[in-house]
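Data first, discussion second: the structure below is written as structure tokens.
The values are calculated or read from the model by the stated rules, or taken from the named source; none is laboratory data. Every value quoted in this text rests on a predicted model; they were computed, and no experiment measured them. We place every Cβ from the backbone using ideal geometry, glycine too, and count neighbours over all the protein chains shown. We work out accessible area using only protein heavy atoms, side chains counted, and drop any ligands, DNA or RNA first. Shrake-Rupley method; radii C 1.70, N 1.55, O 1.52, S 1.80 Å.
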Amino acid sequence: MSGIVRVYKRDDEGVLHFREAWFDEEYSQFVMNFGVVGHQSKTEETDVADAAAADALLDAFAVQCAEDGYAEIPDEEQFWVVAQFALKTREGTERDRYLEEKAKDALVSHLAWRGLGTVDRSEFTDFKLNIFCLCPDANKAANAIKVCARGEDLDFTKLTIAAAPFKEPEKFKVKHSAKSATTFSL
């Protein structure tokens with residue numbers, strides 16, 4: 001079982017928690033990351049001899065999570081959260097491509113360490129850079145994207161964030177806009 005195991009559970013108060021684990025080949029470590037969704041997680045690393053040992057730990061982790069009531073959230077029950085940056089050109093410049101890579105890298109890390117989802121893809125459309133994130137909690141993800149954009153100096157004044165249910169990608173609603181925008185289009 002190589003890859004990453006990412007699972008969620010609501011506690012008795014309705015707070016969403018997450019656990020995830022993977023094998024870091026570079027450091028030969030089994031890594032567990034866990035916490036409350038939207039907050040900086042805790043991480044534990046365990047040195048392992050090889051990929052087979054890591055797979056055994058990953059399997060055991062998945063079993064323990066299931067016993068504790070954690071489960072994957074199907075894509076259909078999550079949200080598309082789009083970080084959209086206004087651009088000065090229709091297709092984007094070299095600087096905009098740099099922004100795309102910097103923003104994707106920053107968002108991948110920021111969202112992951114808070115259990116807030118993954119960066120799915122990015123695209124340039126007419127005068128816009130769209131970064132699509134698949135997230136279990138749209139509001140917390142939007143707030144995290146704002147914090148990340150400010151902290152990483154990602155053209156916050158050109159940022160609009162919108163979210164839509166996975167099954168209804170045509171129903172985006174603005175969660176944040178640097179300008180007083182109430183409509184959103186890709």
(request) May I ask you to give the solvent-accessible area per residue for the stretch 5-68, in square angstrom, as obtained with a 1.4 angstrom probe? (result) 58 Å²
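Assuming a strict under-13 Å limit between Cα atoms, what lysine pair count do you get for the chain once near-sequence pairs (fewer than 8 apart, same chain) are dropped? Mind showing how you got there, number by number?
On the way: K88/K128; K88/K158; K128/K158; K140/K175; K146/K158; K146/K175; K158/K179.
Close lysine pairs under the 13 Å cut-off: 7.
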(request) Please report how far the C-alpha centroid of the stretch 49-70 lies from that of the stretch 72-140, rounded to the nearest whole angstrom. (result) 30 Å
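Placing unit charges on C-beta atoms (Lys and Arg positive, Asp and Glu negative, everything else neutral), compute the dipole magnitude of the chain about its Cα centre in debye, rounded to 20.
Working: 23 positive and 34 negative charges, 286 e Å.
About 1380 debye.
If you wrap a convex hull around the Cα atoms of the stretch 75-177, how much volume per residue is inside, in Å³? All intermediate terms of the calculation are to be shown ahead of the outcome.
On the way: hull volume 8.5 nm³, N = 103.
For the stretch 75-177, the hull spanned by Cα atoms encloses 82 Å³ per residue.
Mean 1/r over all different Cα pairs, inverted: what Kirkwood radius does the chain give, in Å? Don't skip to the answer; put the middle values down first.
On the way: mean 1/r = 0.0570 Å⁻¹.
After inverting the mean inverse Cα-Cα distance, the result is 17.5 Å.
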(request) Leaving out ligands and nucleic acids, note down the accessible area per residue over the stretch 75-177 with a 1.4 angstrom probe, in whole Å². (result) 49 Å²
(message) Could you tell me how far the Cα centroid of the stretch 158-186 sits from the Cα centroid of the stretch 1-30, in Å?
(response) 29 Å
(request) Quickly rank 160-167, 51-58 as a protection proxy: mean count of other C-beta atoms within 10 Å, highest first. (result) 160-167, 51-58
(message) If I compute solvent accessible area with a 1.4 Å probe over the protein chains, what percent of it on the chain is carbon and sulfur?
(response) 49 percent
(request) Compare the Cα positions of L111, P165, C148 along the charge dipole of the stretch 75-177 (+1 at Cβ of Lys, Arg; -1 at Cβ of Asp, Glu; about the Cα centre) and return the one farthest towards the positive end. (result) C148
(request) Starting from the Kirkwood radius over alpha-carbon pairs of the stretch 1-105, derive D by Stokes-Einstein at 25 °C in a medium of 0.890 mPa s and give it in µm² s⁻¹. (result) 149 µm²/s
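May I ask you to derive the relative contact order of the chain, considering only C-alpha pairs under 8 Å and at least 6 residues apart, and to give it as an integer percent? Don't jump to the answer; show the numbers that get you there.
Numbers: 369 pairs, mean separation 36.4, N = 186.
For the chain, the relative contact order is 20 percent.
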(request) Determine ³J(HN,Hα), in whole Hz, for all residues of the stretch 92-99 in sequence, where each value follows from phi through the Karplus function 6.51 cos²θ - 1.76 cosθ + 1.60 and θ = phi - 60°; x replaces Gly and Pro. (result) x, 9, 4, 4, 5, 5, 5, 4
